[in-house]
1. For the range 112-141, which positions are farther than 22 Å from residue 43 by Cα and part of a helix (DSSP H, G or I)?
2. What number of residues in the range 66-94 are at pLDDT 70 or above, in a loop (DSSP other than H, G, I, E, B) and in contact with a helix residue (DSSP H, G or I) (Cβ under 9 Å, 6 or more places away or on another chain)?
3. Can you confirm whether residue 63 is crowded, with 18+ Cβ neighbours inside 10 Å, modelled with pLDDT of 75 or more and over 13 Å from the mean Cα position of the chain (by Cα)?
4. In the range 106-128, what count of residues is obtained for those that are surrounded by fewer than 23 Cβ atoms within 10 Å (Cβ to Cβ) and within 14 Å of residue 72 (Cβ to Cβ)?
5. With the requirement that a residue be modelled with pLDDT of 75 or more and either in contact with a strand residue (DSSP E or B) (Cβ under 7 Å, 6 or more places away or on another chain) or not in a loop (DSSP other than H, G, I, E, B) (or both), what does the range 102-111 give you?
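The values are calculated or read from the model by the stated rules, or taken from the named source; none is laboratory data. Values in this document were obtained by computation on a predicted structure and should not be read as measured data. For neighbour counting, all protein chains shown are included, and Cβ atoms are generated from backbone atoms with ideal geometry for every residue, glycine included.
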């Protein structure tokens, strides 16, 4: 197993749903190679990565009644995952991870970072607080990556 984690940023072009992608963009700017940080549009794209023997860190926007831009960390399995913002044709992240684990396509443990958002409609701009939170989270993740 490589000691370098795999970062996946889930997102779309719809407002605050860009949060996961912004984390990945910032990680690339910091020097994390594309082989270790990938932006994806759907949770089931996790299955297309050879990550079953690597630490997996997912970043995504969430619908959260808390303050927009709030960053939270989750560990799967073991907790009820928050409501993540995905399209109507996507599989829920928990179901994707469970199936991926059963098929030995994803690691036994996954770290999930979420950023609370409120703007998820087509044409919405990303909230300034979500943009700042994504940059802050990426900087923190880069520190962990550079010491792995």
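1. The answer is 128, 129, 132, 136, 139, 140.
2. Number satisfying all stated conditions: 6.
3. Working: crowded, with 18+ Cβ neighbours inside 10 Å: no; modelled with pLDDT of 75 or more: yes; over 13 Å from the mean Cα position of the chain (by Cα): yes.
No; evaluated as a whole, the condition is false for this residue.
4. Final tally of qualifying residues: 1.
5. 102, 107, 109, 110, 111
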